[in-house]
1. Quick one: Karplus J couplings for the range 141-146, per residue in order, coefficients 6.51, -1.76, 1.60, θ = phi - 60°, nearest Hz, x for Gly and Pro?
2. How far, in nm, would the chain grow between Ser440 and Ser133 when pulled straight, counting 0.36 nm per residue and subtracting the alpha carbon separation?
3. Carbon and sulfur together cover what percent of the accessible area of the range 571-644 at a 1.4 Å probe radius?
4. Modelling each spin label as a point 7 Å along the Cα-to-Cβ direction, I'd like the Asp476/Ala179 distance in nm, to one decimal.
5. Taking the solvent-accessible surface of protein heavy atoms with a 1.4 Å probe, what is the per residue accessible area of the range 392-466 in Å²?
6. Report the extension gain between Thr56 and Thr150 in nm, rounded to one decimal, defined as 0.36 nm multiplied by the number of residues separating them, less their alpha carbon distance.
7. Give the average over all directions of the projected area of the C-alpha convex hull of the range 320-460, one decimal, in nm².
8. Can you work out the FRET efficiency for the pair Thr15 and Gln43, with r the C-beta to C-beta distance and R0 = 22 Å, to the nearest 0.05?
Amino acid sequence: MPDPTAADPSGDPATRCLGLLAEAVALAETAAALAGTPSPAEQQLRRMYDEWADTTLRVAVVGASSTGKSTLLQHLFGPVPLPTGRTATTAALTVLRHGPAAEAQVHLRTSLTIDADAVRSGGADDDVRKALSAWCADPDAFGLLTATHTDGRTSVPVTAADLDLSHRTGRIDVTFAAAAPLRFDLTCDDGVRGFAAAVTDPVQALRVSRAVCRLPHPRLDGVTVIDTAGFSSPSPLHDQLSAELLQRRPDVLVVLLDARRPDSPPSHDTLAAVRPVLAADPHARLVVGLTHADRALRSHLDDLDVDVGDVTPDERATLIDDFVAVSRSRAETLLGADLATMPVVVPLALSPQAPPELRHHVEHLWKQVERLGGVGVGHDTWLARARAAGAAVDGLARWCDQRHQALLPELADLHRHADEVRQRGRSNRAGHLAARTAVSRAAGSIRAAVISERTNLLSDIDQLRKDRNFSRYLTDAYPDALHRAVNSIRAVAEAHHTELGRRLIVPGLHRPVLLEGDRLRPDARTAAAARRRIKGMRHRMRQGWSLALGSIADLAARDLAAARAALSHHAYEQLNQVGRHLEHWVNHLNRLLAANHAAVQQHDRRHLAELRDVVARIELTRQRADQLRSCARDAEALRAALTA
């Protein structure tokens, strides 16, 4: 951002303060966009800038009912179609501005809180009951959403059948749907009557938040007049109205008091209503208009037992000057001595029959307003404003730093997420390689087991040299030996099956299928052939007793060898069949391995896309954190420049 100290080379405090404040508003907007949430200081800084940079003269006219507000506005701005005699429930500001044509806009509330105690004490029961009855009877016509009575313990809906406020305490909360402003053409009678009804009829007036009238009067050019008609009348909404008036911060406050009774209860109520505005701005410019001054003058002369017709013009002027001085003194006493500057007090006579010396005071009052409003804000005031802006900017700096600190755990979480995604990808790839190695190891181990068991079994058969041993082995030992061999192979396959179940990430792994137990003993044909050979050998030995002993031994050896060969062939085929079953299972593993590889590749693509997204979020979050930290530093620089 630009160097804050270079905001105003001329050194003018107003230009410098507004320039730095504009940079602070832009910085707050940037920080809010980076944080994704509005900054509490943004609205405050924007309000400061809009208020201090606005050169429009803001004049608020405040007074009790019947103090002549409407008559004064008629004298100043010509025929002003402002409704008079407003209902006590009306608490809406009416703003007068310059415009090419006479028109009005009435803005409606979306929420309303009515103090039941204030309504009852202020005598507004009938007005509020009338409004609530109309709203509840036809909620769609008025956009009524909810109406709830809360007495501090319970909240119950307000219905049209129970609108008696005499026994109610607590508050009534009402919400309305958002509605477009009502527009009225003030150049025609229908528009004037419609506008008057909108702000005086309780059914409409309670919904009004503010009214804006534009009039083509040259005196309003560059001036905004805030009319608070009904401001000091008993109303349940005057706290809200006072807060809105305080928020608008008028440049000049015109307070109208009845000169006949300046210390009356309505006058005290009026001053009590404007004191928060005066307390918020010790340098507030205050003009007090003492209306009905002509009648107060007559009472003053009657007290002095003076007849105006019996005095000379000079004596008349002296009497009027004395009356004005007394009126000003009474008004200043009523206002108190706690104001930073004493107000301008102007007696006003708005009646055509008033003495000319008092009638011209209306123009004098407006000249005082223009004079006070035209007085530029002093050097000290701009320094105070700069300090106030500096405090707001300091809040912005702290908020930016908090947002930056809040992003750091989010950034750490994103880094952990990225590491997890990378680890998942690495684990899947390593798992596939381990599965491939495990399949290869399983195939080799199974083949080795088949060869080993087959060799051992054939070796046992080959060692059978006597027919008696052979018969016993064939009947008892051979099936058990074949069982043991197959179970040993099965144990090897099962062990690899368990390991592969942990390695492969695709479903469908089958258990290895081997021969059933009843199929492992020699079939009848093999056993019968072996037995025939043994029996034939014995028969020939009995018949060939006369042969040479060597020939008999050779014959027995040949028949026993043939029997061993038959059994060895059976054992060889049985174990080869086990090997073929396991080869099918290994082929099944290889198909699963191919599917596993495809799944790993798909997971890799998904992990890569997820990783790219996480990395992009990391970069974006890191940039946001860095920029918020930069915003905090820039805000600190702006604060230092504003408070320097």
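The values are calculated or read from the model by the stated rules, or taken from the named source; none is laboratory data. Since the structure is predicted, the reported quantities are computational estimates derived from the model, not experimental observations. Here the Cβ is made from the backbone with ideal geometry for all residues, glycine too, and neighbour counts use every protein chain on show. Keep in mind that these areas ignore ligands, DNA and RNA; they rest on the heavy atoms of the full protein, side chains included. Shrake-Rupley method; radii C 1.70, N 1.55, O 1.52, S 1.80 Å.
1. 5, 9, x, 5, 9, 9
2. Numbers: separation 307, 0.36 × 307 = 110.52 nm, distance 8.75 nm.
Difference between extended and current length: 101.8 nm.
3. Values: 2000 of 3860 Å².
Looking at the range 571-644 in its full context, I get 52 percent from C and S.
4. Output for this residue pair reads 11.0 nm.
5. Numbers: 4030 Å² over 75 residues.
That works out to 54 Å² for each residue.
6. 29.6 nm
7. Details: hull surface 88.2 nm².
About 22.1 nm², averaged over all directions.
8. Values: r = 24 Å, r/R0 = 1.07.
With R0 = 22 Å, the Cβ-Cβ based efficiency is 0.40.
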